[in-house]
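To start, the structure itself, in structure tokens.
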Amino acid sequence: MKRLQIRNSCLLFAAAFIWGTAFVAQSVGMDYIGPFTFSAARSLIGSAFLAPCIFILDKWKITQGKKQCEDKKELVKGGIVCGIVIFIAANLQQAALLYASVGKSGFLTALYIVIVPLIGVLAGKRPGKKLCVSVVCAVTGLYLLCMKSGSYALGFGDILLLLSAVMFSMHILVIDHYTQRTDGVKLSCIQFLVGGVLSAVIMFLFETPSFAALSAAKGPLLYTGVLSSGIAYTLQIVGQKGMNPVIASLIMSLESVISALAGWAVLGERLSGRELLGCVIMFAAIILAQLPEKRNEEACC
């Protein structure tokens, strides 16, 4: 069981790493196309990428004698629900990048690390003291890392990001529900097909996409479509299976840290002492969340 938890944690960290490095691609892509066009294209690319993967995996399972009966009705239902949620979350985030700064975007989007346990509290699932401390540390680290100015004013982009954080929190929770009873890769493929189709409908209503613009944005689209959508979200679905959603959200919130580190390593951007401290606190929060919980520990809050 411990080995499985370590494997799942590594999968979620890999997803966070891809999301962190893909943040630049999301911003650059909108130099050529609108947010709904970008979301539609990347989602459909992600779904198309996963389709042959499913075929290959099914063939492999048959040869290994690991093919199991599936509840196709539950799979389709889960894919539709997850697709609707990720459609709303991704488009809110993508549109917010037109208005909000990178620092505020990183901080507000990653607020799902607070929202997930709060939703759990409302549902009667209180996190232990260790997780409460981990969440507080993670939020502190994110603030030091992303909120570079001392002031904070809530703008239109910030409101979109707050709503996006709520929807990403809901996505983590619905994934936690459906991944226990469905195939993770198939669930991911369906969710992006649904999200892509819904985004395309909004795209044709509010934007004027063209093949020339899509071609100009092909680099960012392929990177986010194949890696961020096709691979990373599938890693999230597989990695979340059997894992506490609060711990999962803490691990995935490392995308903010990775984004800053990638800018430093690839683009030569320097991290200030404040930002480095934020990274250290974030990593400490993740390690704390992974430590064994005492059986007699009472729930906090």
Exercise for the section: List the number of the failed condition for Ala212; all other conditions in (1) in contact with a Leu (Cβ under 7 Å, 6 or more places away or on another chain); (2) open to solvent by 60 Å² or more (accessible area, probe 1.4 Å) hold. Expected result: (1)
Fill in the blank from the handout: Log entry, pairs with first residue in region 189-201 being more than 13 Å from Leu75 (Cα to Cα), second being among the basic types (Lys, Arg) and open to solvent by less than 40 Å² (accessible area, probe 1.4 Å), beta carbons closer than 9 Å, six or more apart or on different chains, reads Phe192/Arg42; Gly196/Arg42; Ser199/Arg42
Practice task
Answer yes or no as to whether Glu269 is at pLDDT below 80 and either open to solvent by 80 Å² or more (accessible area, probe 1.4 Å) or under 24 Å from Thr179 (Cα atoms) (or both).
Solution key: yes
Completion exercise
Scanning region 209-231 residue by residue, those more than 20 Å from the chain's Cα centre (by Cα) and either touching a residue at least 60 places away in the same chain (Cβ under 8 Å) or farther than 10 Å from Thr37 by Cα (or both) turn out to be Pro209, Phe211, Ala212, Ala213, Leu214, Ser215, Ala216, Ala217, Lys218, Gly219
Problem - Sole exception among (1) at pLDDT below 95; (2) open to solvent by 70 Å² or more (accessible area, probe 1.4 Å) for Ile80, by number - result: (1)
Practice task
Look at Phe55 and say whether it is crowded, with 16+ Cβ neighbours inside 10 Å and part of a helix (DSSP H, G or I).
Solution key: no
Fill in the blank from the handout: Selection from region 201-225 of residues more than 16 Å from Val28 (Cβ to Cβ) and aliphatic (A, V, I, L, M) yields Val201, Ile202, Met203, Leu205, Ala212
Exercise for the section: Tell me, yes or no, whether region 30-44 has at least one residue that is at pLDDT 85 or above, surrounded by fewer than 16 Cβ atoms within 10 Å (Cβ to Cβ) and either assigned to a loop (DSSP other than H, G, I, E, B) or hydrophobic (A, V, I, L, M, F, W, C) (or both). Expected result: yes
Practice task
Of the numbered conditions (1) open to solvent by 10 Å² or more (accessible area, probe 1.4 Å); (2) among the small types (Gly, Ala, Ser); (3) modelled with pLDDT under 80, Ala110 fails exactly one; give the number of that condition.
Solution key: (1)
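The values are calculated or read from the model by the stated rules, or taken from the named source; none is laboratory data. Since this is a predicted model, take the numbers as computed values, not measurements. Backbone-built Cβ (ideal geometry, glycine too); neighbour counts: all protein chains shown. Surface accessibility is based on the protein's heavy atoms, side chains included, excluding ligands, DNA and RNA. Shrake-Rupley method; radii C 1.70, N 1.55, O 1.52, S 1.80 Å.
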